[in-house]
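Reading through the structure tokens given below for one structure.
The values are calculated or read from the model by the stated rules, or taken from the named source; none is laboratory data. Every value quoted in this text rests on a predicted model; they were computed, and no experiment measured them. No Cβ is skipped: glycine too gets one built from the backbone with ideal geometry, and neighbour counts run over all protein chains shown. The protein model used for the area step is the full one, side chains on, heavy atoms only, and it has no ligands, DNA or RNA in it. Shrake-Rupley method; radii C 1.70, N 1.55, O 1.52, S 1.80 Å.
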Amino acid sequence: MTQQFLNPASTAPNDKLGDTPNSASDKINANFTENYASIAANEAAILANTALITGFTETYWFDANDTVTATTPISHTGGAANTYLTNDAVGGNTTSYNPNSKDTLWKPATNKFDFTSLKIGDVVSFRLDIEFDNAAAQEVDLIISLAEGTAPYEKHMSHLYYKTAATGTPITAPFEIYIGDAATRDGGCRFRFSSAAAASIKVNGWYYRITEV
């Protein structure tokens, strides 16, 4: 069907020589009916071509709230290099913005991040939220361990110095990485606590945001 155009007044406004309300409505309905039929007939092709569009980014996020360490804190031995942070991700503040049902990267069963669903070039932003009791004046480091099992390496997220012993000391540490190679994507990732003195750690949780390219 050729597009049907509405016929307005021919010589002057309201000269009553244009389409009547009924004929104008018929033309509008006919145009819409043809458009809807065309879209329905070509829906699969439209969706397939839309999926091929590139050059856009997509962002989604998760907030994993821990419950275990509130009553059973993580015990850090002074100078130990193997104090990794845990998070069961079942606390009441666990939430997400994940409209396209992307993979949850944090895996409580292993207490590691799994980046294998991501692409090289994707970006992951973190915000850690912990509290700890430090037994003495000390320097504290929060470290992210990456590419475990393949080509492991570490990055410092936060370095702090405390002059005295304290209880319930909060640390909020933001950090960002990009998936720059297959080792980083496939090797796993987790958080490590480091200090020269003993400490007791409560994990409130962490937020992480993924920007996919």
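A few comments on the model shown:
- A single entry from 179, 201, 144 fulfils the requirement of being of a type in the set (Val, Ile, Thr) and closer than 24 Å to residue 92 by Cα: 201.
- Residue, surrounded by the fewest Cβ atoms within 10 Å (Cβ to Cβ), within segment 68-79, restricted to residues that are touching a residue at least 24 places away in the same chain (Cβ under 8 Å) and assigned to a loop (DSSP other than H, G, I, E, B): 79
- For segment 191-201, the criterion of being open to solvent by 50 Å² or more (accessible area, probe 1.4 Å) and closer than 22 Å to residue 111 by Cβ is met by none of the residues.
- The residue list 184, 150, 167 contains one member that is of a type in the set (Ser, Thr, Tyr) and modelled with pLDDT of 95 or more, which is 184.
- First in segment 12-39 and closer than 18 Å to residue 2 by Cβ, second anywhere and at pLDDT 70 or above, Cβ under 6 Å, 6 or more apart: 19/7; 27/4; 30/4; 31/4
- Any chance residue 185 is assigned to a helix (DSSP H, G or I), of a type in the set (Lys, Arg) and crowded, with 18+ Cβ neighbours inside 10 Å: yes
- Condition met for residue 171 (in contact with a helix residue (DSSP H, G or I) (Cβ under 9 Å, 6 or more places away or on another chain), on the phi < 0 side of the Ramachandran plot, open to solvent by less than 50 Å² (accessible area, probe 1.4 Å) and not small (Gly, Ala, Ser)): no
- Number of positions in segment 111-151 that are open to solvent by 30 Å² or more (accessible area, probe 1.4 Å) and either in contact with a Ser or Thr (Cβ under 7 Å, 6 or more places away or on another chain) or free of Cβ contacts under 8 Å to residues at least 12 places away in the same chain (or both): 8
- Which listed residue, of 59, 86, is open to solvent by 40 Å² or more (accessible area, probe 1.4 Å) and touching a helix residue (DSSP H, G or I) at 6+ places or on another chain (Cβ under 9 Å): 86
- Residue within segment 128-149 that is over 16 Å from residue 180 (Cα atoms) and either touching a helix residue (DSSP H, G or I) at 6+ places or on another chain (Cβ under 6 Å) or among the hydroxyl-bearing types (Ser, Thr, Tyr) (or both) present: no
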